[in-house]
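Working notes, beginning with the structure itself.
The values are calculated or read from the model by the stated rules, or taken from the named source; none is laboratory data. Given the structure is predicted, the values throughout are model-derived calculations rather than measurements. Glycine gets a Cβ as well: all are built from the backbone with ideal geometry, and neighbour counts include every protein chain shown.
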Ligand SMILES: [Zn+2]
């Protein structure tokens with residue numbers, strides 16, 4: 001194992017909401033370590049996980065309270081939206097009414113204009129006619145008595161004179177009648193115009209009332225719109241905070257998931273150390289000194305090797321202190337229920353169950369050597385029982401922390417009470 005892996009790593013630091021994250025992961029030590037030290041590291045990791053969980057909870061409660069705020073804000077914005085819709089429909093109705101008045105006013109204005117034109121025309125006619133009469137009278141007067149004398153002289157008799165005088169008078173009389181008629185007409189037109197002016201003033205004042213109402217509603221609508229804008233701005237702001245909190249919470253979740261994997265690796269190590277720990281490891285059993293492949297099938301393969309690996313492909317390395325073996329048929333994992341045999345003769349040291357290893361057993365082969373078989377579906381030997389090399393001891397399964405059925409096969413050597421986990425491939429060879 002030449003790969004260098006840093007013992008500690010640091011996760012990102014988040015400034016948001018004054019939460020400062022500094023996560024340090026304790027790397028599980030894989031080889032030659034005392035149970036004491038391992039437990040210390042394990043406790044340290046658990047403490048860190050607790051801190052991270054607390055921080056995650058803080059973030060999640062912040063998110064929950066922000067979510068409540070968002071709900072309230074959107075409810076308020078919705079209520080205002082309803083009020084605005086109502087106001088706008090009122091404003092639209094007013095606009096329609098105002099448009100009707102506008103039309104009426106335009107029609108009245110047209111009538112008033114026409115009437116005014118007629119009045120002007122009649123007055124002009126009156127002026128013209130009066131001018132004509134005065135002109136005629138002036139001409140007659142200018143002609144003076146001479147004219148009258150002429151009339152008298154030219155008249156053969158009195159009846160002819162009277163007739164001439166009568167003609168003059170009747171012309172004047174006709175003109176005066178025309179003027180009277182025109183004056184009468186003007187009076188009527190002026191009365192009509194006065195009525196129209198009054199109508200217009202009435203419509204105008206009605207329209208003014210509506211305009212007042214409308215400007216009041218406009219003011220209200222503007223106030224509501226600016227309130228709505230305020231709510232929307234708040235909503236956006238809180239949404240942004242939520243996005244950041246969510247990111248932060250995901251970072252913690254990712255970190256906790258990594259730490260959970262490390263914790264499980266620790267548990268496996270501790271469990272095995274506890275299982276082996278009290279034994280001095282110097283038992284001696286007669287054996288041939290050669291281990292055999294513990295999965296007696298030609299189509300058995302190594303699915304995970306011994307050494308550092310990166311399960312999430314994220315730069316977080318974990319030490320796999322064993323080899324995982326599966327039985328495959330046409331690429332399908334058919335390990336479940338397959339036999340497991342003792343790699344070497346010896347005494348069953350432990351058999352038990354753990355959340356990580358599932359059903360497991362350890363065989364002591366003497367000279368400090370031990371083998372471990374994890375995730376079994378069933379174990380058929382008892383603790384303290386002596387087993388022969390190649391004897392069926394258990395059946396493969398998927399108990400404990402696994403993604404599929406396999407055996408977690410480990411070779412250990414106990415030296416001065418400390419367990420070393422050796423590379424099983426230095427002791428056994430796969431059949432293919
Ligand atoms: Zn394994």
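So here's what we get for this one:
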| read-out | value |
| --- | --- |
| Qualifying residue in the range 152-172 (condition: surrounded by fewer than 15 Cβ atoms within 10 Å (Cβ to Cβ) and part of a loop (DSSP other than H, G, I, E, B)) | yes |
| Sole residue being out of contact with any strand residue (DSSP E or B) (no Cβ under 9 Å at 6 or more places or on another chain), in contact (Cβ under 8 Å) with a residue 60 or more places away in the chain, assigned to a helix (DSSP H, G or I) and within 30 Å of residue 403 (Cβ to Cβ), chosen from 255, 190 | 255 |
| Count - residues of the range 221-266 that are out of contact with any helix residue (DSSP H, G or I) (no Cβ under 9 Å at 6 or more places or on another chain), over 17 Å from residue 76 (Cβ atoms) and either surrounded by fewer than 13 Cβ atoms within 10 Å (Cβ to Cβ) or at pLDDT 90 or above (or both) | 8 |
| Positions within the range 299-351 being within 22 Å of residue 368 (Cβ to Cβ) and more than 16 Å from the ligand (Cβ to nearest atom), in sequence order | 341, 342, 344, 345, 346, 347, 348, 349, 350, 351 |
| Flag if residue 371 is at pLDDT 90 or above, assigned to a strand (DSSP E or B) and within 14 Å of the ligand (Cβ to nearest atom) | yes |
| Restricting the range 274-310 to residues that are touching a strand residue (DSSP E or B) at 6+ places or on another chain (Cβ under 7 Å) and farther than 24 Å from residue 396 by Cβ, the residue that is modelled with the highest pLDDT | 308 |
| Residues located in the range 406-417, provided they are surrounded by 17 or more Cβ atoms within 10 Å (Cβ to Cβ) and away from the ligand (no atom under 16 Å from the Cβ) | 414 |
| Single condition residue 421 does not satisfy, out of (1) more than 16 Å from the ligand (Cβ to nearest atom); (2) modelled with pLDDT under 95 | (1) |
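Residue-wise test of (1) in contact with a strand residue (DSSP E or B) (Cβ under 9 Å, 6 or more places away or on another chain); (2) within 17 Å of residue 322 (Cα to Cα).
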{"position": "363", "(1), (2)": "yes, yes"}
{"position": "369", "(1), (2)": "yes, yes"}
{"position": "372", "(1), (2)": "yes, yes"}
{"position": "382", "(1), (2)": "yes, no"}
{"position": "387", "(1), (2)": "yes, no"}
{"position": "396", "(1), (2)": "yes, yes"}
{"position": "403", "(1), (2)": "no, yes"}
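Per-residue answers, yes or no, for (1) within 14 Å of the ligand (Cβ to nearest atom); (2) closer than 21 Å to residue 38 by Cα; (3) at pLDDT 95 or above; (4) surrounded by fewer than 22 Cβ atoms within 10 Å (Cβ to Cβ):
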{"residue": "353", "(1), (2), (3), (4)": "no, yes, no, yes"}
{"residue": "376", "(1), (2), (3), (4)": "yes, no, yes, no"}
{"residue": "379", "(1), (2), (3), (4)": "no, no, yes, yes"}
{"residue": "389", "(1), (2), (3), (4)": "no, no, no, yes"}
{"residue": "392", "(1), (2), (3), (4)": "no, no, yes, yes"}
{"residue": "401", "(1), (2), (3), (4)": "yes, yes, no, yes"}
{"residue": "404", "(1), (2), (3), (4)": "yes, no, no, yes"}
{"residue": "431", "(1), (2), (3), (4)": "no, no, no, yes"}
